[in-house]
Amino acid sequence: MRPFGEFPAARRKAIRFVLLDIDDTLTTGGRLTAAAYGALEDLSRRGLRVIPVTGRPAGWCDLIARFWPIDAVVGENGAFYFRYDRQARVITRQFWLSVEEREKARRRLDRLAAEILDAVPGARIAADQPYRVADLAIDYAEDTGPLPSADVDRIVALMHAAGASAKISSIHVNGWFGDWDKLAMTRRLFREAYGVDLDHQREMVAFIGDSPNDEPMFAYFPLSVGVANIRRYLPRLNSPPAYVTEGAAGGGFVEFAEVLLS
């Protein structure tokens, strides 16, 4: 990983979209600081399309789409995207699975949740689970723990044994029955909302994240950036980001925005 300050100024001019994780990338210690939110506003004001790509739930993402200075949001690790048209006052919601498929998967996820809680003492259902439509979030470091790495690995193993996909964020282990991830839904969003085939135009995108569930994005985008706290997860990553900020969490995001806009 190279320092993000070394990213060539000439290539910054090609950036049209800024994609970002939220927890421990935009936020710091569970808080959204004025400086980090202001950086979102600055990017948007300069004409960049800003799109959070997060593991957070549908209920949160509806608010984010409506209230934040962004163009769209991808949530639950790629289960859906939301866009809010402020002029028409209409929200677009596109899901990877149908309602019927999500209902069937929910019954399986409920059984999996009970198995995990029985097998991993200290693990909890995430507090934001009631607002989710497509996945299961097991809290290992938000309102509990942090649990040891061995426990996190055990949660992942139980999800995989049940046939579920599993991704580790800085606070949760998320599991779902389906073949999506953050990158898959991001590519769909770009095709459907912007008419962009990212396979041929990925140089117009910058992505910044902090944890293993961001790895598909790190691997795909040439301008992939980790905030400094990504270093704790490097042993888990086959594809680390190309660049890293000096600052951690929201401070790193502010640094990232300042460099892009300089």
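Using only the Cα atoms of segment 99-176, construct the convex hull and provide its projected area averaged over every direction, in square nanometres to one decimal.
Working: hull surface 18.2 nm².
Mean orientational projected area (segment 99-176, Cα hull): 4.6 nm².
Where the centroid of each part is defined by its Cα atoms, how far is segment 88-106 from segment 202-222 in Å?
Rounded to whole Å, the Cα centres lie 25 Å apart.
About its Cα centre, how strong a charge dipole does the chain have in debye, to the nearest 20, once Lys and Arg get +1 and Asp and Glu get -1 at the Cβ?
Numbers: 33 positive and 35 negative charges, 137 e Å.
So the dipole magnitude of the chain works out to roughly 660 debye.
Mind checking which lysines have their Cα closer than 20 Å to the Cα of Lys167? Skip sequence neighbours fewer than 8 apart in that chain.
Lys182
Out of all DSSP beta bridges in the chain, what portion is antiparallel? Express it as a percent rounded to 5. Walk me through the numbers before you get to the answer.
Working: 20 of 36 bridges.
If we restrict to bridges inside the chain, about 55 percent are antiparallel.
Distance in nm between label sites at Arg66 and Ala219, each 7 Å beyond Cα in the beta-carbon direction?
Rounded to a tenth, the inter-label distance reads 3.7 nm.
Quick one: go through segment 13-44 and flag any residue whose amide nitrogen is under 15 Å from the point 7 Å out along the Cα-to-Cβ line of Ser262.
Residues 13 qualify, since their backbone N sits under 15 Å from the label point.
Show that you can apply the helix-only estimate: for the chain, add -39,500 (n - 2.57) for every DSSP H stretch of four or more residues, divide by all residues, and state [θ] at 222 nm to the nearest 500. Don't skip to the answer; put the middle values down first.
On the way: 9 runs with 91 residues, N = 262.
My calculation for the chain gives -10000 deg cm²/dmol from helical runs alone.
Do you know the relative contact order of the chain, to the nearest whole percent, from alpha carbon pairs under 8 angstrom that are 6+ apart?
On the way: 495 pairs, mean separation 61.1, N = 262.
Contact order relative to length: 23 percent.
Roughly how many nanometres apart are two label points built 7 Å out from the Cα toward the Cβ at Arg93 and Leu117?
It is 2.5 nm.
Taking +1 at the Cβ of each Lys and Arg and -1 at the Cβ of each Asp and Glu, which of Pro3, Gln94, Trp180 sits farthest along the dipole of the chain towards its positive end, judged by Cα position relative to the Cα centre?
Value: Gln94.
Where Rh is the Kirkwood radius over the Cα pairs of segment 12-146, the temperature 37 °C and the viscosity 0.692 mPa s, what D in µm²/s does Stokes-Einstein return?
Roughly 200 µm²/s, to the nearest whole number.
Run a plain Debye calculation on the chain (Cα atoms as equal point scatterers, no solvent) and give log10 I(q)/I(0) at q = 0.09 Å⁻¹, rounded to two decimals, same order as the q list.
Reported log10 I(q)/I(0), two decimals: -0.37.
Round to the nearest 10 and give me the degree value, 0 to 90, for the angle of helix 249-261's Cα axis relative to the longest principal axis of the chain.
That works out to roughly 30 degrees.
Obtain the nm distance between the two label points defined at Arg46 and Ala157 by a simple spin-label model: each point lies 7 Å from its Cα along the Cα-to-C-beta direction.
Here the answer is 4.6 nm between the modelled labels.
Any read-out appearing in this document is the output of simple, stated calculations on the displayed coordinates, not a laboratory observation. Computed from a predicted model, the values in this text were never measured in an experiment. Virtual Cβ from ideal backbone geometry, glycine too; neighbours counted across all protein chains shown.
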